[in-house]
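These notes concern the structure reproduced below.
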Amino acid sequence: MNQNQTIPKVCVIIPNKNGLSHLVYSLPSLMNTSYSNYSCILVDNDSSDDSISFVEHNFKSIQILENKEGKGFASTVNMGIKYALEQDASFIAIYNSDIK
C-alpha cells in the first residue's frame with residue numbers, strides 16, 4: 001500500500017450480557033490482532049456481573065456503551081453499529097464474546 005492510501009477503519013462491536021466468564025479469554029485474543037486501524041466497542045446490555053469493571057480496568061482501549069434498558073441482542077448490536085458509523089467506520093464486525 002502506498003503512502004497515499006489509508007488502511008480502512010474497522011470497528012469491532014462486542015455485545016455483552018453478563019459475559020464476564022467469556023470476556024476473560026476472548027478479549028486478550030481479540031487484542032492480539034495485527035490489523036492496525038481498528039477500535040473495539042463493548043455494548044453492555046444491562047449486565048449485573050462485573051463485565052464493565054473488568055473491561056475498564058484491563059482493556060482501556062475498548063470503548064464501553066451501556067444499554068441500561070436491556071432491550072435484547074438486536075438492540076444492543078444496533079446501538080454499537082450506530083456508534084461505529086458515527087466514528088466513521090469503514091467496516092463493522094460483530095464479535096461474540098465467547099470466541100476463543
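Among Asn78, Tyr35, Ile94, whose Cα projects farthest towards the positive end of the dipole of the chain, with charges put on the beta-carbon of Lys, Arg (+1) and Asp, Glu (-1)? Positive-end residue among those listed: Tyr35.
Determine the share of the chain's accessible area contributed by carbon and sulfur atoms, expressed in whole percent, with a 1.4 angstrom probe.
Details: 2940 of 6020 Å².
Percent of accessible area from carbon and sulfur atoms in the chain: 49.
Among Lys9, Lys82, what's the order by accessible area (1.4 angstrom probe), most exposed first?
Lys82, Lys9
In the context of the full set of protein chains, residues of the chain present 60 Å² of accessible surface per residue (probe radius 1.4 Å, heavy atoms only).
The Rg/Rh ratio of the chain, with Rg taken over Cα atoms and Rh as the Kirkwood radius over Cα pairs, comes to 0.99.
Taking 0.36 nm per residue of separation and subtracting the Cα-Cα distance, what length does fully extending Asn18 through Lys60 add? Let's see the in-between values first.
Numbers: separation 42, 0.36 × 42 = 15.12 nm, distance 1.90 nm.
Taking 0.36 nm per residue and subtracting the Cα distance, the gain is 13.2 nm.
In deg cm²/dmol and to the nearest 500, what is the mean residue ellipticity at 222 nm of the chain if only DSSP H runs of at least 4 residues count, each as -39500 (n - 2.57), divided by the residue total? Walk me through the numbers before you get to the answer.
On the way: 3 runs with 34 residues, N = 100.
After summing the helix terms and dividing by residue count, I get -10500 deg cm²/dmol.
Once both labels are positioned 7 Å from their Cα atoms along Cα-to-Cβ, the gap between Asn78 and Ser39 label points is 2.2 nm. Ignoring lysines fewer than eight residues from Lys71 along the same chain, the ones with Cα atoms less than 16 angstrom from its Cα are Lys17, Lys82.
The values are calculated or read from the model by the stated rules, or taken from the named source; none is laboratory data. Predicted model, so just to flag it, every value in this text is computed and none were measured. Positions of Cβ are generated from backbone atoms using ideal geometry, with glycine treated the same way; all protein chains shown enter the neighbour counts. Areas reflect the complete protein model, heavy atoms only, side chains present, ligands, DNA and RNA absent. Shrake-Rupley method; radii C 1.70, N 1.55, O 1.52, S 1.80 Å.
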